[in-house]
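First the structure, in the form of structure tokens, and then the observations on it.
The values are calculated or read from the model by the stated rules, or taken from the named source; none is laboratory data. It should be emphasised that the depicted structure is a prediction, and the values quoted were computed from it without experimental measurement. Here the Cβ is made from the backbone with ideal geometry for all residues, glycine too, and neighbour counts use every protein chain on show. Ligands, DNA and RNA are stripped out before the accessible areas are found, and what is left, the full protein with its side chains, is counted by its heavy atoms. Shrake-Rupley method; radii C 1.70, N 1.55, O 1.52, S 1.80 Å.
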Amino acid sequence: MTDGGSSIPAVRALLRVLAAGRRVAEIGTAFGEGAAAMAETARDVVTVEIDPERVEAARARLAGLANVELLEGDWHELLPPRAPFDLVFADGGLRSPEDYAALLPLVAPGGLIVKDDLTPGRPVEGDPVREALLRRPDLAAVEILTTPGTAAIVATRL
Ligand SMILES: C[S@@+](CC[C@H](N)C(=O)[O-])C[C@H]1O[C@@H](n2cnc3c(N)ncnc32)[C@H](O)[C@@H]1O
């Protein structure tokens with residue numbers, strides 16, 4: 001179930017900008033680095049991690065950040081009752097088209113979705129992440145380079 005490490009500095013810088021003043025959710029806390037970056041500017045951050053060892057590490061990292069709520073468990077269960085959010089950083093636990101369908105109702109109209117960890121230059125067709133975020137009529141979305149070798153999608157719910 002556990003996958004991926006911490007977000008890279010360029011993505012954390014992007015998140016810090018996009019989170020400003022917003023009610024934020026993060027899917028996949030890992031060690032808390034993304035949540036800590038967003039907490040610098042966000043109104044509040046709800047972050048969910050399924051791996052208990054990572055939750056403990058994140059709890060130490062995020063201790064003292066009054067606007068962060070760290071939850072242990074599966075985002076599918078824990079985030080819908082707290083929605084809608086103004087920004088969702090979708091950074092773990094999305095594997096199927098059904099997962100992306102479940103992501104959309106978490107986001108308020110005008111709210112943002114950020115998905116990183118993409119390899120640039122790949123076609124949309126046949127890529128489930130790009131198809132789910134770049135081809136939906138109810139999202140306006142763009143793929144951007146975060147470094148020369150990494151990309152992210154930023155989408156807004158129409
Ligand atoms: C790429 S890491 C997250 C990095 C973190 N967002 C950051 O910015 O540093 C992905 C995390 O998602 C977690 N994860 C996977 N499936 C999940 C689920 N269904 N619910 C919550 N967390 C999940 C994994 O355990 C992993 O720690």
Search result, residues across the stretch 127-153 that are touching a residue at least 60 places away in the same chain (Cβ under 8 Å) and touching a Lys or Arg at 6+ places or on another chain (Cβ under 8 Å): ALA152
Since ASP3 meets every condition but one in (1) at pLDDT 95 or above; (2) open to solvent by 10 Å² or more (accessible area, probe 1.4 Å), which condition does it not meet? (1)
Single residue of LEU103, LEU70, LEU65 found to be open to solvent by less than 20 Å² (accessible area, probe 1.4 Å) and closer than 27 Å to ALA13 by Cβ: LEU103
Cβ-Cβ below 7 Å, separation at least six or inter-chain, first residue in the stretch 16-31 and open to solvent by less than 60 Å² (accessible area, probe 1.4 Å), second within 12 Å of the ligand (Cβ to nearest atom) and among the polar types (S, T, N, Q): which pairs? GLU26/THR47; THR29/THR47; ALA30/SER6
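Matching residues to (1) within 11 Å of the ligand (Cβ to nearest atom); (2) under 15 Å from SER6 (Cα atoms):
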| residue | (1), (2) |
| --- | --- |
| ARG43 | no, no |
| ARG54 | yes, yes |
| ALA57 | yes, yes |
| LEU65 | no, no |
| GLU69 | no, no |
| ASP74 | yes, no |
| GLU77 | yes, no |
| ASP91 | yes, yes |
Quickly run through the stretch 62-71 and pick out the residues that are farther than 9 Å from THR29 by Cβ and in contact (Cβ under 8 Å) with a residue 12 or more places away in the chain. LEU65, ASN67, VAL68, GLU69
For the stretch 79-89, which positions are within 15 Å of the ligand (Cβ to nearest atom) and open to solvent by 40 Å² or more (accessible area, probe 1.4 Å)? PRO80, PRO81, ARG82
Does GLU98 fit the bill of being open to solvent by 30 Å² or more (accessible area, probe 1.4 Å), more than 7 Å from the ligand (Cβ to nearest atom), closer than 22 Å to LEU133 by Cβ and over 14 Å from the mean Cα position of the chain (by Cα)? yes
Here the residues within the stretch 127-158 that are more than 21 Å from GLY4 (Cα to Cα) and open to solvent by less than 30 Å² (accessible area, probe 1.4 Å) are LEU139, ALA155
Testing VAL124 on (1) of a type in the set (A, V, I, L, M); (2) open to solvent by 40 Å² or more (accessible area, probe 1.4 Å); (3) touching a Lys or Arg at 6+ places or on another chain (Cβ under 6 Å), one condition comes back false. Which one is that? (2)
Breaking point among (1) near the ligand (Cβ under 6 Å from one of its atoms); (2) of a type outside the set (Phe, Trp, Tyr); (3) touching a strand residue (DSSP E or B) at 6+ places or on another chain (Cβ under 9 Å), for ALA19: (1)
The stretch 75-93 residues that are touching a residue at least 60 places away in the same chain (Cβ under 8 Å), paired with ones that are part of a loop (DSSP other than H, G, I, E, B) and open to solvent by less than 10 Å² (accessible area, probe 1.4 Å) (beta carbon under 7 Å, 6 or more apart): LEU87/ALA19
